[in-house]
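The values are calculated or read from the model by the stated rules, or taken from the named source; none is laboratory data. Predicted, not measured: the structure shown is a model, and the values here were computed from it. Using ideal geometry, Cβ is built from the backbone for each residue, glycine included, and neighbour counts are taken over all protein chains shown.
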Amino acid sequence: MSTTINGNVSLSITLDSTETNALQNIFKKEIESKKTQEQLNDTHKSVLLTFFQARNDIKSEIGNKGVVEEISDKRLNIVFENEELKQKILHSEQNPLTTAYIVDVKILTIDKKEFAYKILELRDCFEANEKESQNE
């Protein structure tokens with residue numbers, strides 16, 4: 001069977017909020033599943049990272065969480081390429097919760113789902129509200 005349509009076609013669908021929410025969730029899952037492993041494992045260079053949560057214990061391997069909005073708005077775990085990098089970021093003069101970091105990161109995944117940002121290199125850092133204070 002073949003259908004030929006010449007002209008405009010209008011399709012109206014009426015859904016309640018529960019149905020639209022379910023449809024939105026299905027679309028999000030489908031989009032995430034289409035990301036290839038290569039896309040997820042790419043190194044993202046010079047992206048802006050902000051910490052949402054930071055552990056004071058330098059030996060702690062868990063509990064540091066951050067966001068790279070350019071990649072995802074999800075708060076993911078933070079892991080470091082090496083201890084020197086971890087020291088430089090978490091135990092410097094700057095408060096990690098009020099500082100923005102320009103970093104190279106790799107996304108670590110579990111079952112093709114984003115799990116953590118691995119910080120490979122620190123390029124720069126600055127106070128996150130520096131721009132606001134300059135405008136005052």
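Observations
- Lone qualifier among Leu76, Leu108, Leu90, Leu85 - being surrounded by 13 or more Cβ atoms within 10 Å (Cβ to Cβ) and farther than 17 Å from Glu121 by Cα: Leu76
- Ile102, sole failed condition from (1) touching a His at 6+ places or on another chain (Cβ under 8 Å); (2) part of a strand (DSSP E or B): (1)
- Only residues that are touching a residue at least 40 places away in the same chain (Cβ under 8 Å) and either more than 16 Å from Glu70 (Cα to Cα) or among the basic types (Lys, Arg) (or both) were counted across region 101-117, and they come to 4.
- Index of the failed condition, Glu132 passing every other in (1) assigned to a helix (DSSP H, G or I); (2) modelled with pLDDT of 90 or more; (3) of a type in the set (D, E, K, R): (2)
- Looking only at residues in region 18-77 that are assigned to a loop (DSSP other than H, G, I, E, B) and among the acidic types (Asp, Glu), the one that is modelled with the highest pLDDT is Glu69.
- Hey, Glu84 under 21 Å from Lys45 (Cβ atoms), among the charged types (D, E, K, R) and out of contact with any Leu (no Cβ under 8 Å at 6 or more places or on another chain) or not: yes
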